[in-house]
Amino acid sequence: ETGVTQTPRHLVMGMTNKKSLKCEQHLGHNAMYWYKQSAKKPLELMFVYSLEERVENNSVPSRFSPECPNSSHLFLHLHTLQPEDSALYLCASSHFFKTSGIYEQYFGPGTRLTVT
Amino acid sequence: AQKITQTQPGMFVQEKEAVTLDCTYDTSDQSYGLFWYKQPSSGEMIFLIYQGSYDEQNATEGRYSLNFQKARKSANLVISASQLGDSAMYFCAMRDPRGGATNKLIFGTGTLLAVQP
């Protein structure tokens, strides 16, 4: 596998279900990101993990719970979602150095989530 | 506040012609980075090109070039010799100068490019 992979690619879940999205990067990066992409809206950053520490949480509802067990893996645990949570969820990774630098992010193919 | 504006919701271009996708940004910071990403219908966001605010030369990557006009705060993407495979959504993004340690990106709403044979 190369680049950033995400599983599953498509997910349909009821509002009472619990599911998890998985992201894996094979680029040697040390920062990972979760974005939400809804129709006709800019990408919304949800969470950032840098060196396995969560450094950003953009006021995301607690029904979304991220987990970053190591620098290569990122999960998004979902429970009791709402229909408005239906969207494309994109994972990305990049290099990160505390002192400086601007680094491009590399994205996975996304998980298309539908909440019924 | 930092903001990215893409005023073209959709564009058409004939195959083999060049096309310019507009992007303007708003920031009061002197140090920032600008990115363009391509998103085909498959969903994956593909990094295309990067321009740093202090770069004196316009960035180029193959058929992609960035027309960077700092005084006008614009960073337009130029695709030369369009191909059918260029049909996709294109997003302009800026590294949030106030993102601190997070390398946070701010995205525009995107432009849907359709290349016609």
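The values are calculated or read from the model by the stated rules, or taken from the named source; none is laboratory data. The shown structure was predicted, so the numbers you read here are calculated from the model rather than taken from an experiment. Glycine also receives a Cβ, built like all others from the backbone with ideal geometry; neighbour counts cover every protein chain displayed.
Kindly state which strands (runs of 3 or more DSSP E) lie completely within chain A and contain at least 1 residues that are closer than 21 Å to B:Phe47 by Cα.
Fully inside chain A and qualifying: A:4-7, A:18-25, A:31-37, A:44-50, A:73-79, A:87-94, A:111-115.
Which residues, taken from the range A:66-86, are over 16 Å from A:Cys23 (Cα atoms) and either in contact with a Phe, Trp or Tyr (Cβ under 8 Å, 6 or more places away or on another chain) or of a type outside the set (S, T, N, Q) (or both)?
Correct list: A:His79, A:Leu81, A:Pro83, A:Glu84, A:Asp85.
Any residue in the range B:98-114 that is more than 7 Å from chain A (Cβ to nearest Cβ) and modelled with pLDDT of 95 or more sitting within a Cβ distance under 7 Å of a residue that is assigned to a helix (DSSP H, G or I) and crowded, with 17+ Cβ neighbours inside 10 Å? List the pairs, counting only those 6 or more apart or interchain.
Cβ pairs passing all conditions: B:Leu113/B:Asp86.
Going through A:Leu88, A:Leu45, A:Leu78, A:Leu74 one at a time, which residue ends up being closer than 16 Å to B:Phe107 by Cα and at pLDDT 95 or above?
Only one candidate qualifies: A:Leu88.
Any residue at all in the range A:65-85 that's within 14 Å of another protein chain (Cβ to nearest Cβ) and of a type in the set (A, V, I, L, M)?
Scanning the range A:65-85, I find no residue that is within 14 Å of another protein chain (Cβ to nearest Cβ) and of a type in the set (A, V, I, L, M), so the answer is no.
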